[in-house]
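One structure below.
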Amino acid sequence: MLEELKAQVYAANMQLPELDLVTFTWGNVSGIDREKGLFVIKPSGVPYSELKPSDLVVVNLKGEVVEGELNPSSDTPTHTYLYNHFPEIGGITHTHSPWAVAFASAGVDVEPLNTTFADTFYDTVPVTPGLTQAEIETTYEENTGRVIVSTFKEQGIDPMAVPAVLVGKHGPFTWGKTPADSVYNAKVLEIACETNYHASQLTRADCRVPQYLLDKHYYRKHGADAYYGQNNAKSHSHAPVA
C-alpha cells in the first residue's frame, strides 16, 4: 500500500541524519496521499541506521493505523491534526535540532534578518504558547497540533508562506508540498536560528530585512513569476498575498 509514497517518506527520513538534524531517534517525517486520505510516517523509536521502507506505518486522518506492524511515531496525533487543518501541506518534519530548540526554549520568534531566511519564509516563524498542565496530561500530542494551528490562526499567518513553527519548550515542526520539501524547510529553519543567534550577539540594532528585500527573495523562488532555478514556476506554485 502506498509504496511510492513510502519510498518518498523513507528517503526524507534518511535525510535527517545526513543533514545533522537529528540525534538518536529524535525526529520523524511523514507524507500524505490526499486522494486516499492516508499518510505514511516513521515508526516510533526505530534507529535511522535500522530503518527500512517496509517499517513505515500507514495512518488515516482519524489517526488510526491502516497498515504496519510497528507503532507509528508518538508524534502521529500532531501530524494528523496538522494534515486535517492545513489542507495544502503534503509532508511534515519534526526534529529536535539544537538551534531551533534553543529558540523554542527561550520563546524567541525567528525573524527575517537576512536573505537566506527570506528565500523560504515570508514572515516571522512563531513560537507557540506553552501547553497547560491539563493539555499535557490529556491528549498531549494532539494538543501540540492544536496549539500550532491556533497560533497561525490568531496571528493571521499563511502556513504555506511560513511553513514552520517552534512549539514552545519543545522544538520545530516544518511542512511543505512534499516530504522532501518539509525536510528542506527544517534545515533552512535550523540555519536561520543559528545565524539569528550570532547576529543578536554582534549587535542590538534592529536587523530585520526591509520588506522590499524580503519580497524580492521570497517571490523570486515562489509564485507564478519565480525565476530562481530550473522550471521553478511549476515546482513552487504557491504565493501569499503581498
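The values are calculated or read from the model by the stated rules, or taken from the named source; none is laboratory data. No experiment lies behind these values; they were computed from the predicted model shown. Don't worry about glycine lacking a Cβ; one is built from the backbone with ideal geometry, like all the others, and counts go over all protein chains shown. Side chains are part of the model used for accessible areas, which takes the heavy atoms of the whole protein and leaves out ligands, DNA and RNA. Shrake-Rupley method; radii C 1.70, N 1.55, O 1.52, S 1.80 Å.
Given Lys36, Lys6, which one is touching a residue at least 24 places away in the same chain (Cβ under 8 Å), in contact with a strand residue (DSSP E or B) (Cβ under 7 Å, 6 or more places away or on another chain) and more than 22 Å from Leu166 (Cα to Cα)?
Unique residue meeting the criteria: Lys6.
Tally the residues that are among the aliphatic types (A, V, I, L, M) and either under 10 Å from Thr128 (Cβ atoms) or at pLDDT below 95 (or both), restricting the search to segment 142-163.
So the answer is 3.
Name the residues in segment 120-140 that are buried (at least 18 other Cβ atoms within 10 Å of the Cβ) and either closer than 26 Å to Gly229 by Cα or within 16 Å of the chain's Cα centre (by Cα) (or both), would you?
Once the filter is applied, which keeps residues that are buried (at least 18 other Cβ atoms within 10 Å of the Cβ) and either closer than 26 Å to Gly229 by Cα or within 16 Å of the chain's Cα centre (by Cα) (or both), segment 120-140 yields Thr120, Phe121, Tyr122, Asp123, Val125, Pro126, Val127, Thr128.
Hey, any hits in segment 157-173 for a residue that's among the acidic types (Asp, Glu) and more than 24 Å from Cys207 (Cα to Cα)?
no
Considering only segment 1-62, give the strands (runs of 3 or more DSSP E) lying wholly within it that have at least 2 residues that are touching a Lys or Arg at 6+ places or on another chain (Cβ under 6 Å), closer than 18 Å to Trp175 by Cβ and open to solvent by 50 Å² or more (accessible area, probe 1.4 Å).
Where strands (runs of 3 or more DSSP E) fall fully within segment 1-62, none carries at least 2 residues being touching a Lys or Arg at 6+ places or on another chain (Cβ under 6 Å), closer than 18 Å to Trp175 by Cβ and open to solvent by 50 Å² or more (accessible area, probe 1.4 Å).
Restricting the search to segment 144-154, which residues are open to solvent by 10 Å² or more (accessible area, probe 1.4 Å) and either part of a loop (DSSP other than H, G, I, E, B) or under 11 Å from Val125 (Cα atoms) (or both)?
Passing the criteria: none in range.
How about segment 67-126: which of its residues are free of Cβ contacts under 8 Å to residues at least 60 places away in the same chain, more than 25 Å from Asp20 (Cα to Cα) and not in a loop (DSSP other than H, G, I, E, B)?
Of everything in segment 67-126, those that are free of Cβ contacts under 8 Å to residues at least 60 places away in the same chain, more than 25 Å from Asp20 (Cα to Cα) and not in a loop (DSSP other than H, G, I, E, B) turn out to be Tyr83, Asn84.
Quick check on segment 209-242: of everything there that is charged (D, E, K, R) and open to solvent by 90 Å² or more (accessible area, probe 1.4 Å), which residue is modelled with the lowest pLDDT?
The qualifying residue modelled with the lowest pLDDT is Lys234.
Contact list please: Cβ distance under 6 Å, first residue in segment 164-184 and within 26 Å of Gly130 (Cα to Cα) and part of a helix (DSSP H, G or I), second residue of a type outside the set (Val, Ile, Thr) and modelled with pLDDT of 95 or more, pairs at least six apart or on different chains.
Short answer, once both residue conditions are applied: Ser182/Gly91; Ser182/Trp175; Ser182/Gly176; Val183/Ala12; Val183/Gln15.
If Phe173 satisfies all but one of (1) within 20 Å of Ser30 (Cβ to Cβ); (2) surrounded by fewer than 23 Cβ atoms within 10 Å (Cβ to Cβ), what's the number of the condition it fails?
In the conditions (1) within 20 Å of Ser30 (Cβ to Cβ); (2) surrounded by fewer than 23 Cβ atoms within 10 Å (Cβ to Cβ), Phe173 misses (2) alone.
Can you tell me how many residues in segment 185-222 are closer than 27 Å to Asn84 by Cβ and not in a helix (DSSP H, G or I)?
Adding up the residues that qualify gives 1.
Of the residues that sit in segment 182-208 and are within 24 Å of Thr95 (Cβ to Cβ), of a type in the set (Gly, Ala, Ser) and more than 14 Å from the chain's Cα centre (by Cα), which one is least open to solvent (accessible area, probe 1.4 Å)?
Ala199
Assess whether Ala102 counts as being out of contact with any helix residue (DSSP H, G or I) (no Cβ under 9 Å at 6 or more places or on another chain) and either open to solvent by less than 20 Å² (accessible area, probe 1.4 Å) or hydrophobic (A, V, I, L, M, F, W, C) (or both).
So Ala102 fails the test.
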